Amino acid sequence: MANKMVMDGLCPRCDGSRKSDIHGSIEKSWDHDAGMMHGKDKYFLLECRGCETVYTYIVSINSEDTDYRYDHEVGQDVIVYNETINTFPSINLEESTPEWVWQLRSVDRQLHTIISEIYSAYDKGSLILASIGLRTAFDRATEVLQIDPAISLQEKVSALLKEGFIGQTEADVLKVITEVGNAAAHRAWSPSKEEFASLIGPFEHFITRNILSEKNFELIKEKIPAKPKRKKD
């Protein structure tokens, strides 16, 4: 087997330069106005050797972002294209996404995606979207915990209380979370950032205690239904 190619990439989880395996790359050139503006983007599919996160690393140059540098070999100034680096997922050193969110990928990828988008919306100040996402994440979390998906959100809170997943105080908070999500979705109501922060804290506790604890993690893995076999034509 050939050795994997390696490069330094900006891992979005480690928030810094890390050695990463290259799983693929492609280069695309572009131009506008009959070549008056032109550039090139090179895309790399990388896997961090530290945390094993897979991400896209994009190196871009364009004719509008250049400098001049003296080249001793040719004895004159030459144009140097400045590189712009982007990643997907993006790197945001000030983002509020907690570390435990990454662990959700091994439990339920859909829930991981929803909660990641909640924090992304929260960091951007999109509190209506974040509030709707919080309600959606709660709904998905109850399904992961094997609560009947056909009942209402308020009934799901009661079912969690009855089955011992939460206490009365937490039930009261989760009811408010569902009401806030409904108001955001149906009446475009938006909480303040401080109000939303007071809701996300208890919700984080609910997720980490009930879904990411070792005992419940193993229980949930056993309950996840197998992927149905594809019917033959």
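A few remarks follow.
- Entries of K162/K193; K4/K28; K19/K193; K40/K193; K28/K193; K4/K40 with Cα pairs more than 29 Å apart: K162/K193; K19/K193; K40/K193; K28/K193
- Taking amide hydrogens as placed 1.01 Å from N in the peptide plane, the amide H of H38 sits under 5 Å from those of H32, S63, E64, each at least 5 positions away in sequence or on another chain.
- Tilt relative to the chain, helix 109-123 - C-alpha long axis, 0 to 90 degrees, to 10: 70
- Rounded to the nearest 20, the size of the Cβ-charge dipole of the chain about its Cα centre is 1380 debye, with Lys and Arg at +1 and Asp and Glu at -1.
- Taking the range 36-141 and dividing mean pair separation by its residue count, relative contact order in percent (alpha carbons under 8 Å, at least six apart): 17
- Backbone N within the range 49-64 under 19 Å of label point (7 Å from D77 Cα along the Cβ vector): 62-64
- Selected from W189, Q146, G167, residue furthest toward positive end of dipole (the chain; charges at beta carbon): Q146
- Relative contact order of the chain: 12 percent, from C-alpha pairs under 8 Å at least 6 residues apart in sequence.
- Among residues other than A150 with Cβ under 13 Å from its Cβ, the summed charge is -3 (Lys and Arg +1, Asp and Glu -1).
- Fraction of accessible area attributable to carbon and sulfur, the range 1-123 (%, probe 1.4 Å): 48
- Cβ-defined net charge surrounding N82, 9 Å radius [Lys, Arg +1; Asp, Glu -1]: -3
- On Cα atoms only, tilt of 153-162 relative to the major axis of the chain in degrees: 60
- Nearest 10 degrees, 0 to 90: helix 168-187 Cα axis against the chain principal axis: 60
- For the chain, the 222 nm mean residue ellipticity estimated from helices alone, with every DSSP H stretch of n ≥ 4 adding -39500 (n - 2.57) and the total spread over all residues, rounds to -13000 deg cm²/dmol.
- Per residue, in Å², the accessible surface of the range 5-154 once ligands and nucleic acids are set aside, probe 1.4 Å: 60
- Contact order normalised by residue count of the range 7-80, Cα under 8 Å, 6+ apart, percent: 24
- Shape metrics for the range 75-206, restricted to C-alpha atoms - Rg then Dmax, Å: 19.0, 81
The values are calculated or read from the model by the stated rules, or taken from the named source; none is laboratory data. Everything numeric here is computed off the predicted structure, so don't read it as measured data. Every residue, glycine as well, gets a Cβ built from its backbone with ideal geometry; the counts of neighbours run over all protein chains shown. To get the accessible areas, we keep the full protein, side chains included, count just its heavy atoms, and leave off ligands, DNA and RNA. Shrake-Rupley method; radii C 1.70, N 1.55, O 1.52, S 1.80 Å.
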